[in-house]
Each structure stands twice: as C-alpha cells, then as structure tokens.
Amino acid sequence: MGKIFSANAASVIFLIAMFGLIFFHLAVMAGLVPTEIIWGGRAAETGLSLMTLEAIALSIISVFILFVLAKRRNLRTGNNSGLINFGMWLIFALFALNTLGNLAALSSTETLLFTPVTIILALCGLRLALAR
C-alpha cells in the first residue's frame, strides 16, 4: 500500500477530513444541516438528544486527530507506539464499519455523500496502521 500513497499523504488527507468533519458537526449543531442526512437518518431513535450525539462525535474526532498526530510524531507520547498502532487499527475498523452503516442509511444523501468519504478515511487509517 506504501506504493499507492505514503503514510504522510494519508495523515494529511485524514487530518484535513477530520477538521472538515468538525465544521460539519458544528453546522449540524447550529441547525444548518438537515438532521435527516446524519446518523443514518435515525438520530431520534437513539433516545439521545442531537446535541449529545454531536458532542460525542466531536469528542471521537478529537481523539482520532490526537492518534494521527501521535503517529506522525507531532505529539510526544513516550514509548506508547503499541497503543498508537492499536488506535490506528481501531480508526480503520470504525471507518470500515461506518462505511457499511452509510450504505444502510435511510437517507440517500448520506449514502451517496458520506460512503466515499468513509472509504477514503478507512483507507487512510489502514495506511497509517500499516506504517512503521
């Protein structure tokens, strides 16, 4: 996979996408994005408020950013390479599963718009997980 794109390119793509997702989730919280195109169209079924779901999403995105920065060695983490690698594999798995969730979404907008994004993010996560 290293010949297709580098770990550095994967981390840059991933970080740009994460900051884009932060702005997207803030737009959801501000009511600028229709709630039907998020959370698989099932946000109301969770029993949690939209603000709670969005706060959880923003927290998870923040953790993902920290893992990628640690993998890039932009953060001092000591001798935690095993934890960082585990985090990268977890990121890959979560975006791969999120891709399946997007394919099963009630909203065709979510399926068409976010499925390619989650595929790219899963591939970036995989590339970073495989990086030394």
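What number of residues within the stretch 100-123 are in contact with a Pro (Cβ under 9 Å, 6 or more places away or on another chain) and under 19 Å from residue 16 (Cα atoms)?
The total comes to 0.
Give the residue that is farthest from the chain's Cα centre (by Cα), with candidates limited to residues of the stretch 108-124 that are in contact (Cβ under 8 Å) with a residue 40 or more places away in the chain and under 21 Å from residue 38 (Cβ atoms).
The first filter runs over the stretch 108-124 and keeps only residues in contact (Cβ under 8 Å) with a residue 40 or more places away in the chain, leaving 109-110, 113, 117, 120-121, 123-124.
With under 21 Å from residue 38 (Cβ atoms) added as a condition, the list becomes 109-110, 113, 117, 120-121.
On the way: 109: 18, 110: 15, 113: 14, 117: 9, 120: 10, 121: 6 Å.
Here the answer is 109.
Residues checked against (1) at pLDDT 90 or above; (2) within 17 Å of the chain's Cα centre (by Cα); (3) on the phi < 0 side of the Ramachandran plot:
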residue	(1), (2), (3)
38	no, yes, yes
41	no, no, no
44	no, no, yes
49	no, no, yes
64	yes, yes, yes
73	no, no, no
79	no, no, yes
95	yes, yes, yes
106	no, no, yes
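Scan (1) at pLDDT below 95; (2) over 25 Å from residue 5 (Cβ atoms) for the single condition residue 59 breaks and write down its number.
Result: residue 59 fails condition (1) only.
Kindly check whether there is at least one residue in the stretch 71-84 that is under 18 Å from residue 15 (Cα atoms) and assigned to a helix (DSSP H, G or I).
The answer is yes, given that some residue of the stretch 71-84 is under 18 Å from residue 15 (Cα atoms) and assigned to a helix (DSSP H, G or I).
Just name the residue that is modelled with the highest pLDDT out of those in the stretch 1-36 that are within 19 Å of residue 52 (Cα to Cα), more than 17 Å from the chain's Cα centre (by Cα) and surrounded by 13 or more Cβ atoms within 10 Å (Cβ to Cβ).
For the stretch 1-36, the residue satisfying everything is 29.
Of everything in the stretch 93-132, what is hydrophobic (A, V, I, L, M, F, W, C) and not in a helix (DSSP H, G or I)? Give them in sequence order. Give the steps one after another, and end with the answer.
Just the residues of the stretch 93-132 that are hydrophobic (A, V, I, L, M, F, W, C), to begin with: 93-97, 100, 103-106, 112-114, 117, 119-124, 126, 128-131.
Passing the criteria: 104, 105, 106, 131.
Might you let me know whether the stretch 34-43 holds any residue that is under 22 Å from residue 13 (Cβ atoms) and part of a helix (DSSP H, G or I)?
No, there is no match, as no residue in the stretch 34-43 is under 22 Å from residue 13 (Cβ atoms) and part of a helix (DSSP H, G or I).
The values are calculated or read from the model by the stated rules, or taken from the named source; none is laboratory data. The model shown is predicted, which means the values in this text are computed figures rather than measured ones. Don't worry about glycine lacking a Cβ; one is built from the backbone with ideal geometry, like all the others, and counts go over all protein chains shown.
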